[in-house]
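Report on the following structure.
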Amino acid sequence: MIVSTQDDELEKFSALADRWWDPQGDMRPLHDINPLRLDYIDTRARLSGARVADIGCGAGILSEAMAGRGAEVTAIDLSQAMIDTATHHAGQSGLDIDYRCLSSRDLAASMRGQFDSVICMEMLEHADEPAAIVDDCMQLVRPGGSVFFSTINRSPKAWLLAIAGAEYILALLPRGTHEYDKLIKPSELAAWARHSGLQVEAVNGMRYNPLTYRAALEKRPDVNYFMHTTRPEAI
């Protein structure tokens, strides 16, 4: 029997909503890795003029960056507090982003195949049914479009660096941000993607230096990693 932790996850992140946009605060690592995330997407699926869905957008750090690159962004999150914060900040930034508080399943039901790219980053490891969300992403993207994921590998190295190191020793993130059992191996994510009908194009590791506050791509997906998938023209 699977015990749902979704309400706990929503409560945990909703409590951070008012501090999400502080680049020196609890979410600093997200701000630090955001340029890398943005370029990873934009170099593989051009953002300018593209219609993009951001799944699990939080308070909109990546959503705003993509809109700033010329994308038409629809962004969703299950936390109303996050959506309220994101909407307010986008207004202050002069950006027109379609923020909605709803699930990926509900968005897929109403906007099937309407997006050039679908983005789901730093979210799957917090969901009860990540494989179902992967399938929702496939439903949302148009044939020929791209779906991007990023998450954390379930490995001893990831536990050491992303949980013990980042949360408990260096305090880069609030304690309890991640649960080891919910982390996802690249092989698992790739299997879910293929099962839904997506084709895996690339898997790239990401390293984050807590001393320089910089992120970079690396070959091995030992800890954090990106996955670029595409929906074939005909399924």
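What follows is calculated from the coordinates using simple rules that are stated; it is not laboratory data. It should be emphasised that the depicted structure is a prediction, and the values quoted were computed from it without experimental measurement. Reconstructed Cβ throughout: ideal geometry from the backbone, glycine too, with neighbour counts over all protein chains shown.
Across segment 8-67, C-alpha contacts under 8 Å between residues 6 or more apart give a mean separation that, scaled by the residue count, equals a relative contact order of 34 percent. Label separation (ARG220 vs LEU102): 4.4 nm, computed from points 7 Å beyond Cα along the C-beta direction. The relative contact order of the chain comes to 18 percent, based on Cα pairs under 8 Å that sit 6 or more residues apart. Sequence-distant contacts, meaning Cα pairs under 8 Å at least 6 residues apart, place the relative contact order of segment 1-110 at 23 percent. Taken over the alpha carbons of the chain as equal point scatterers, the Debye sum produces base-10 log I(q)/I(0) values at 0.14, 0.16 Å⁻¹ of -0.86, -1.18.
Straightening the chain between SER187 and ARG44 buys 49.3 nm, computed as 0.36 nm per residue apart minus the Cα-Cα spacing.
Phi angles across segment 39-54 convert, under the Karplus curve 6.51 cos²θ - 1.76 cosθ + 1.60 with θ = phi - 60°, into 3J(HN,Hα) values of 5, 4, 5, 5, 7, 9, 8, 3, 7, 4, x, 8, 9, 10, 10, 10 Hz, Gly and Pro given as x. With both labels modelled 7 Å from their Cα along Cα-to-Cβ, the ARG142 to ASP7 distance reads 4.1 nm. Determine the shape class of segment 62-107: with a ≥ b ≥ c the square roots of the Cα gyration tensor eigenvalues, call it rounded for a/c under 1.5, and otherwise prolate if a/b is greater than b/c, oblate otherwise. Oblate shape, in that a/c is at least 1.5 and b/c is the bigger or equal ratio. Farthest towards the positive end of the charge dipole of the chain, among the residues PRO186, LEU102, LEU30, is the Cα of PRO186, using unit charges on the Cβ of Lys, Arg, Asp and Glu.
Straightening the chain between ASN204 and MET111 buys 30.6 nm, computed as 0.36 nm per residue apart minus the Cα-Cα spacing. Full extension of the chain between ARG194 and ASP84 yields a length gain of 36.1 nm, computed as 0.36 nm times the residue separation minus the alpha carbon distance.
Note on TYR180 and ASP26: the model spin-label points, each 7 Å out from Cα along the C-beta direction, lie 2.3 nm apart.
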